[in-house]
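Engineer: Below you'll find the structure I mean.
The values are calculated or read from the model by the stated rules, or taken from the named source; none is laboratory data. Worth saying up front: this structure is predicted, and the values here are computed from it rather than measured. Positions of Cβ are generated from backbone atoms using ideal geometry, with glycine treated the same way; all protein chains shown enter the neighbour counts.
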Amino acid sequence: MGADNRSAVILLRLISWPYFRKHVLRSILTTMGIVLGVAVFVGMHTANQSVLFAFSQTINRIAGKTDLQITAGDNGFREEVLETVQAASPVGVAVPAIEAVIDVEGQGNMLVLGVDMTGDRSLREYDMEGGEDDSVDDPLIFLAQPDSLIVTKVFADRNHLAKGSRLSLGTADGEKTFTVRGVMKSSHLADAFGGNLAVMDIYAAQRMFGRGRTFDRIDLALKPGVPLDNAKQELATLLGPGFDVQAPATRGNQAESMLAGYNMMVDMSSTFALFIGMFIVYNSFATAVTQRRSEIGILRALGATREQIRWLFLGESAVMGLVGSIVGAAFGVVIAGIIAGGISALLGDVYGVARQATDIATRPVVLGSALAIGVITSLVAGLIPARSAARVDPVHALKKGSYEAISAAEGRLRAILALVLAGVSLVCITAGRSRAVFYGGYGSAIVAALLIAPVASLWLAKVLRPVLQRLRPVEGSLAADSLIQAPRRTSASVAALMLSLALILAFAGMARAAYSSIVDWMDTSLNADLFVMPSQRLDLRTTRFPPTMAQEIAALPGVGGVQMFRNGRMAWRGRPAMLVAIQMNSVAETNRHAPIAGDAADMYRKAAAGEGLLVSDSLAQLQQLSLGEIIEIPAPHGVIRLPIVGIILDYTDQQGQILIDRDLFIKYWQDETVSDFRVFVAKGSTIEEVRQRIVERYAGRRTIFVLTNEAARKWILKLTDQWFALMNVQIAIAILVAILGIVNTLTVSITDRRRELGVLKAVGALRGEIRRTIWIEALAVAVLGLVLGFALGAINLYYMLEVARRDIAGLQLAYQFPVTTALVLVPIMLAAAGAAAIWPAESAVRGSLVEALEYE
Amino acid sequence: MNDDRQDGRALAAVWCVLAVVLLVGRVAPVRAADDARQIVLEAQKRTDSVSQRYDGILQTFDAKGKATEKRWTQDRIGAHGKSKVVIRFTAPAEVKGVALLIVNHPDRSSDQWMWTPAIERDRRIALQDRSTRFFGTDFSFEDLEERDVDQDDYTLLGSEAVDGVDCWKIQSVPKPSKASQYTKAIMWVRKDNYAYVKAESYAKEQIVRRLTYGQISNVQGIWTARELTMTDLKRGSVTRLTLDKVEYNLPLKEDDFTLQAIRRP
């Protein structure tokens, strides 16, 4: 074994290294395939993990010495729960907390932590400026004055603040000025949320955020010697099912599970990118084996075994994979830095994960996985070429041409295999809901497409030949013949293009369908004329309104109706879901969208009477719920046990919604506050008039934002854009792949046809004619890729829609082939092909005629 | 013979008495704890009043000498260990109106609430928070509680002069049923009038706080310290509470010592 390893290393050094040095550009281009795939994998996962890491870090830093945290979803719970917890036997210290993210002008997000300073220092270290052990300059004034704030040194320095400085922040009661009464030095707590953290008294925070008499959370430390699990169990039993008792670290894990759907999309994108990279590597190695036949023959004649030849080529692919992975990983970290901000915003807006300034946290696991995946991908890509190289007969080693061709037998075998796999995928579609069956069918469909790609490329090239000949008789024929005579070389590039285009079309189709569905939903369901919000951002549920505002707004001239809307996330069946409390009677009159399941009139009547609840279609898909099914919803004051009386289309939240009547919510949560008001303008008044009246009504007294329906729709579509912005990364990669693949193919093609091109020049072909031959060949490859790409894209779209329905967001989207995107892709890909052909074409015309004629 | 018998009986009687004395002495030695408890009880009795009121000036000096000052009025009603206390801050302006209600219990820790007029909210000071410093002073919330004599075990450590005055030196250890941040305290009680002159509080074996009682004068028959100085020995800071206009046995109403009452301006 040792001798074999040594000989493999010697072969790499003496045979492979000179070949790479001679074909530097091709080697680089080949490696780029792995670089791109690994870069996408590392970039997206690293950015994703950085945001989640920052989120977990914030939780842990704020938690301090907390052993357990008690929550009841986003909706909070009444203050009285605190006494119950404090009196529990395992509890040593229990303190309440309110946590809210606010938008500070010019600063981005700030996390405001409301605590009871009379006891909070038992759990959290407040390391104050000035070296004093006091919580603040004067703790009594801090408590006595509701405008008191402690900020971090990072925030203070950034804003030139010191003790005694004033700071304006938006509150439920309008813009208020706060006084900095303490500055925290850099410490575990102060570094939470990137330093954008402020601490205030909890009762002042209740007022600031319109929380009434509720807390968001209780943080507690156990008495010494009390086992955590025992305490958790005891408290859960004491408080009942509506409460969540968890260690702080678990909340970070829950955020990660919330992003499962998003992670799946990231994994799929990365897998596609690596798949495409694999094809580029395969193409290059397959061509290299062809070109180095004589070299292989000589090695075999000198005594090299088939095994050694195989390991030589596998070794080359492994080295290439390793180099590509290392470069790709480094590139990926750069990409992560660029897209982290965007992903952070996406996770905050769509999933409610509090966003903050993040540093890129590279995880060794991600980097290690990327290296392994890159090397494995390269090895897999090199398997077939290595096997081909090992089979080279020394006697036939100098024979040219036959290895490029696909024999009739091989073509038949490919076709049969492709048909079988296509059949398998069809069966899997109808076989049931099992995940393994579905993804098995998906994989079979892709592999079938890849198997048939060479045969299809060859057939299409033959179909294209007369067209090209008609365009340019000489150049067109030469270009077409080049494709027909080297189907393996051609098909690898075409396959890479096909996969890229299939991915783009699937994403584009999904985006188009989602858009249509969302617009339809907004037209029929989200149809209030005005939205009275505590923030310009529809996703921020930090501040709430008192219910009395409903009557105040309704009393204004021109207001036809006011609906109170209350929402908040909660954990349900192990996954997050949005609980929505609305006045069902009122919604029955305004919602024009027919339910997906259930009778419209009946479902609203029953829900209003507290005899049932509604769920969104996305939740029903994700959790496999059906009409009539009785579900339980734990609440702070009991468990709601009701049947599903209607399934409706609702895109309010990615996680899916459960909708109950407002009275039911008040009964079980003892909370009458409102997230936003939906206002309908009466006939005879204009929207702008009513909007102005609402703004004037609360000017100087309360912070409100009155959004028109159009503004709200724009905001929601902006959110959808963010979600699908990931696709732009994919599209960019696809175009890069297109260029890369075509350049690679053409480079190999030109090298292979050096003698042929030399002969052409010798018999008088002009430079322009040779260039055109290369360009036409490039355009022809693009056309083949487009045709096959559209075909596979149509199939891939179906599967992507199914993935979205089953695993990502429960979205049931209509199948609509993105014709516009397809038409736009045609000139883009043709232009990319043309651009890719520029350098190879120049290289073809500049070569020495004598050298070309001598080339074997 | 008769004399001899009489002498023998007398001797036997003496031996019996001696034996009894020795036996009793072994079974029931002289209990200094009883004396210590009696001293503390007497000291409490001598300060008992139906009610009390004073104006307080609270000065805090940090380790660097920076001083802050607040003023309050304190009303108290009820017997020692079962009393109710209301503290209302009167200065500076930022804290005016903040009130604290303390309800002491003989058999358990006191209940404490704080009222903040600016946000119109009261909050209960939870039991586990009693070790927290009282609003930046060197007193903790626990230090503001009255302790019933039966909440601790006492040991007389002897006598010691403090500022030239002869005092009993008594150690008190909280009973297991009484949750306390301190493991023990040493108190000096004047022998002449049972007034406290000093108390040192310990956490484990380390002294953490020292309270000295100064300007002791007789007010309506009760020996009253008009100056209380608490020193936090770890932080090096000092808090001085000066009692002004001390009055006892005023006609205060029970209704003024409730949560509703402290919410009133």
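Engineer: Under the condition of being within 14 Å of another protein chain (Cβ to nearest Cβ), in contact with a strand residue (DSSP E or B) (Cβ under 6 Å, 6 or more places away or on another chain) and among the charged types (D, E, K, R), which residue from segment B:30-86 is nearest to residue B:155 (Cα to Cα)? It would help to see each step written out before you state the result.
Structural biologist: Pass one, segment B:30-86, residues within 14 Å of another protein chain (Cβ to nearest Cβ): B:56, B:58-72.
Filter again for in contact with a strand residue (DSSP E or B) (Cβ under 6 Å, 6 or more places away or on another chain), leaving B:56, B:58-63, B:67-72.
Filter again for among the charged types (D, E, K, R), leaving B:62, B:69-71.
Values: B:62: 34, B:69: 37, B:70: 37, B:71: 37 Å.
By that ranking, first place goes to B:62.
Engineer: Do you know which of the residues in segment B:87-100 that are over 18 Å from the mean Cα position of the chain (by Cα) and in a strand (DSSP E or B) is nearest to the other protein chains (Cβ to nearest Cβ)? Lay out the reasoning, then the answer.
Structural biologist: Taking segment B:87-100 first, the residues over 18 Å from the mean Cα position of the chain (by Cα) are B:88-100.
Narrowing the set further to residues that are in a strand (DSSP E or B) leaves B:88-91, B:99-100.
Numbers: B:88: 12, B:89: 7, B:90: 12, B:91: 11, B:99: 11, B:100: 10 Å.
Taking the candidates together, the pick is B:89.
Engineer: In segment A:688-708, how many are surrounded by 16 or more Cβ atoms within 10 Å (Cβ to Cβ), out of contact with any strand residue (DSSP E or B) (no Cβ under 7 Å at 6 or more places or on another chain) and more than 12 Å from residue A:557 (Cα to Cα)?
Structural biologist: Of the residues in that region, 1 qualify.
Engineer: I need a count of the residues in segment B:172-195 that are closer than 16 Å to residue B:35 by Cα and touching a Leu at 6+ places or on another chain (Cβ under 8 Å).
Structural biologist: 1
Engineer: Of A:112, A:95, A:101, which residue is closer than 28 Å to residue A:572 by Cβ, within 12 Å of chain B (Cβ to nearest Cβ) and at pLDDT 80 or above? Spell out the reasoning first.
Structural biologist: Values: A:112 fails: within 12 Å of chain B (Cβ to nearest Cβ); A:101 fails: within 12 Å of chain B (Cβ to nearest Cβ).
That would be A:95, the only listed residue that is closer than 28 Å to residue A:572 by Cβ, within 12 Å of chain B (Cβ to nearest Cβ) and at pLDDT 80 or above.
So that you can scan it fast, the table gives a plain yes or no per residue for (1) at pLDDT 90 or above; (2) surrounded by fewer than 16 Cβ atoms within 10 Å (Cβ to Cβ); (3) within 25 Å of the chain's Cα centre (by Cα):
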residue	(1), (2), (3)
A:421	no, no, no
A:424	no, no, no
A:434	no, yes, yes
A:439	no, no, yes
A:451	no, no, no
A:463	yes, yes, no
A:467	yes, yes, no
A:472	no, no, no
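Engineer: Right, here's the next one. Quick one: in segment B:219-236, of everything that is within 14 Å of another protein chain (Cβ to nearest Cβ) and at pLDDT 90 or above, which residue is surrounded by the most Cβ atoms within 10 Å (Cβ to Cβ)? Break it down into steps so the answer makes sense when it comes.
Structural biologist: So in segment B:219-236, the residues within 14 Å of another protein chain (Cβ to nearest Cβ) come out as B:232-236.
Remaining after also requiring at pLDDT 90 or above: B:232-233.
Working: B:232: 20, B:233: 14.
If we take residues in segment B:219-236 being within 14 Å of another protein chain (Cβ to nearest Cβ) and at pLDDT 90 or above, then B:232 is surrounded by the most Cβ atoms within 10 Å (Cβ to Cβ).
Engineer: Given (1) modelled with pLDDT of 95 or more; (2) more than 17 Å from residue A:550 (Cβ to Cβ), identify the lone condition not met by residue A:723.
Structural biologist: Result: residue A:723 fails condition (1) only.
Per-residue answers, yes or no, for (1) of a type in the set (Lys, Arg); (2) in contact (Cβ under 8 Å) with a residue 12 or more places away in the chain; (3) over 30 Å from residue A:597 (Cα atoms):
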residue: A:787; (1), (2), (3): no, yes, yes
residue: A:797; (1), (2), (3): no, yes, no
residue: A:803; (1), (2), (3): no, yes, no
residue: A:818; (1), (2), (3): no, yes, no
residue: A:823; (1), (2), (3): no, no, yes
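Engineer: Could you tell me which residue of segment B:124-157 is nearest to the other protein chains (Cβ to nearest Cβ), considering only residues that are of a type in the set (D, E, K, R), under 20 Å from residue A:86 (Cα atoms) and in a helix (DSSP H, G or I)?
Structural biologist: B:129
Engineer: Okay, next question. Hey, residue B:199 hits all of (1) closer than 24 Å to residue B:59 by Cβ; (2) free of Cβ contacts under 8 Å to residues at least 60 places away in the same chain; (3) out of contact with any Phe, Trp or Tyr (no Cβ under 8 Å at 6 or more places or on another chain) but one; which does it fall short on?
Structural biologist: (3)
Engineer: Follow-up. Being more than 9 Å from chain A (Cβ to nearest Cβ), part of a strand (DSSP E or B) and within 22 Å of the chain's Cα centre (by Cα) is the filter here; which residues of segment B:101-123 pass it?
Structural biologist: The answer is B:101, B:102, B:103, B:111, B:112, B:113.
Engineer: Looking at (1) modelled with pLDDT of 90 or more; (2) touching a helix residue (DSSP H, G or I) at 6+ places or on another chain (Cβ under 9 Å), which one does residue B:160 not meet, given that it meets all the others?
Structural biologist: (2)
Engineer: Does residue A:168 meet the test of being part of a loop (DSSP other than H, G, I, E, B) and more than 13 Å from every other protein chain (Cβ to nearest Cβ)? Working first, answer last.
Structural biologist: Details: part of a loop (DSSP other than H, G, I, E, B): no; more than 13 Å from every other protein chain (Cβ to nearest Cβ): yes.
Criteria not met by residue A:168.
Engineer: Suppose the filter is closer than 22 Å to residue B:47 by Cα, acidic (Asp, Glu) and within 21 Å of the chain's Cα centre (by Cα); does residue B:232 pass it? Walk me through it before giving the result.
Structural biologist: Numbers: closer than 22 Å to residue B:47 by Cα: no; acidic (Asp, Glu): yes; within 21 Å of the chain's Cα centre (by Cα): yes.
Against the criterion (closer than 22 Å to residue B:47 by Cα, acidic (Asp, Glu) and within 21 Å of the chain's Cα centre (by Cα)), residue B:232 does not qualify.
Quick grid of which residues meet (1) outside any strand (DSSP E or B); (2) modelled with pLDDT of 80 or more; (3) in contact with a strand residue (DSSP E or B) (Cβ under 8 Å, 6 or more places away or on another chain); (4) within 30 Å of residue A:671 (Cβ to Cβ):
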residue	(1), (2), (3), (4)
A:20	yes, no, no, no
A:26	yes, no, no, no
A:46	yes, yes, no, no
A:58	yes, no, yes, yes
A:66	yes, yes, yes, yes
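Engineer: Right, another one. May I ask you to say which residue of A:77, A:53 is surrounded by fewer than 20 Cβ atoms within 10 Å (Cβ to Cβ) and over 30 Å from residue A:310 (Cα atoms)?
Structural biologist: Of A:77, A:53, the one residue that is surrounded by fewer than 20 Cβ atoms within 10 Å (Cβ to Cβ) and over 30 Å from residue A:310 (Cα atoms) is A:53.
Engineer: Next question, about the same structure. Could you figure out which of (1) away from every other protein chain (no Cβ under 14 Å); (2) more than 27 Å from residue A:90 (Cβ to Cβ) isn't true of residue A:216?
Structural biologist: For residue A:216, the exception is condition (2).
Engineer: Let me ask another. Return the residue satisfying two criteria in turn: it lies in segment A:68-90 and is modelled with pLDDT under 90 and not in a helix (DSSP H, G or I), and of such residues it is nearest to the other protein chains (Cβ to nearest Cβ).
Structural biologist: Per the stated criteria, the residue is A:76.
Engineer: State whether one or more residues within segment B:195-203 are buried (at least 19 other Cβ atoms within 10 Å of the Cβ), away from chain A (no Cβ under 14 Å), closer than 19 Å to residue B:46 by Cβ and of a type in the set (Ser, Thr, Tyr).
Structural biologist: Within segment B:195-203, one or more residues are buried (at least 19 other Cβ atoms within 10 Å of the Cβ), away from chain A (no Cβ under 14 Å), closer than 19 Å to residue B:46 by Cβ and of a type in the set (Ser, Thr, Tyr).
Engineer: Please find, within segment B:193-233, the residue that is farthest from residue B:164 (Cα to Cα) out of those that are in a loop (DSSP other than H, G, I, E, B) and of a type in the set (A, V, I, L, M). Walk me through how you get there before you give the answer.
Structural biologist: Keep residues of segment B:193-233 that are in a loop (DSSP other than H, G, I, E, B), which gives B:193-195, B:204-205, B:220-221, B:233.
If we keep only those that are of a type in the set (A, V, I, L, M) as well, we get B:195, B:233.
Working: B:195: 14, B:233: 24 Å.
Looking at residues that are in a loop (DSSP other than H, G, I, E, B) and of a type in the set (A, V, I, L, M), I get B:233.
Engineer: Restricting attention to segment A:520-574, report how many residues are at pLDDT 85 or above, assigned to a loop (DSSP other than H, G, I, E, B) and over 23 Å from residue A:70 (Cα atoms).
Structural biologist: Residues flagged as at pLDDT 85 or above, assigned to a loop (DSSP other than H, G, I, E, B) and over 23 Å from residue A:70 (Cα atoms) within segment A:520-574 amount to 9.
Engineer: Of A:58, A:30, which residue is within 26 Å of residue A:279 (Cα to Cα), surrounded by 20 or more Cβ atoms within 10 Å (Cβ to Cβ) and touching a helix residue (DSSP H, G or I) at 6+ places or on another chain (Cβ under 7 Å)? Quick ask: steps written out before the conclusion?
Structural biologist: Values: A:58 fails: within 26 Å of residue A:279 (Cα to Cα).
Exactly one of A:58, A:30 is within 26 Å of residue A:279 (Cα to Cα), surrounded by 20 or more Cβ atoms within 10 Å (Cβ to Cβ) and touching a helix residue (DSSP H, G or I) at 6+ places or on another chain (Cβ under 7 Å), namely A:30.
Engineer: Test residue B:181 against the criterion of being within 14 Å of chain A (Cβ to nearest Cβ) and surrounded by fewer than 18 Cβ atoms within 10 Å (Cβ to Cβ), and give yes or no. Let's see the steps before the verdict.
Structural biologist: On the way: within 14 Å of chain A (Cβ to nearest Cβ): yes; surrounded by fewer than 18 Cβ atoms within 10 Å (Cβ to Cβ): yes.
In short, yes.
Engineer: Mind telling me which of the residues A:673, A:652 ends up being out of contact with any Leu (no Cβ under 7 Å at 6 or more places or on another chain), over 22 Å from residue A:81 (Cα atoms) and in contact (Cβ under 8 Å) with a residue 24 or more places away in the chain?
Structural biologist: Details: A:673 fails: over 22 Å from residue A:81 (Cα atoms).
Criteria check complete, one pass: A:652.
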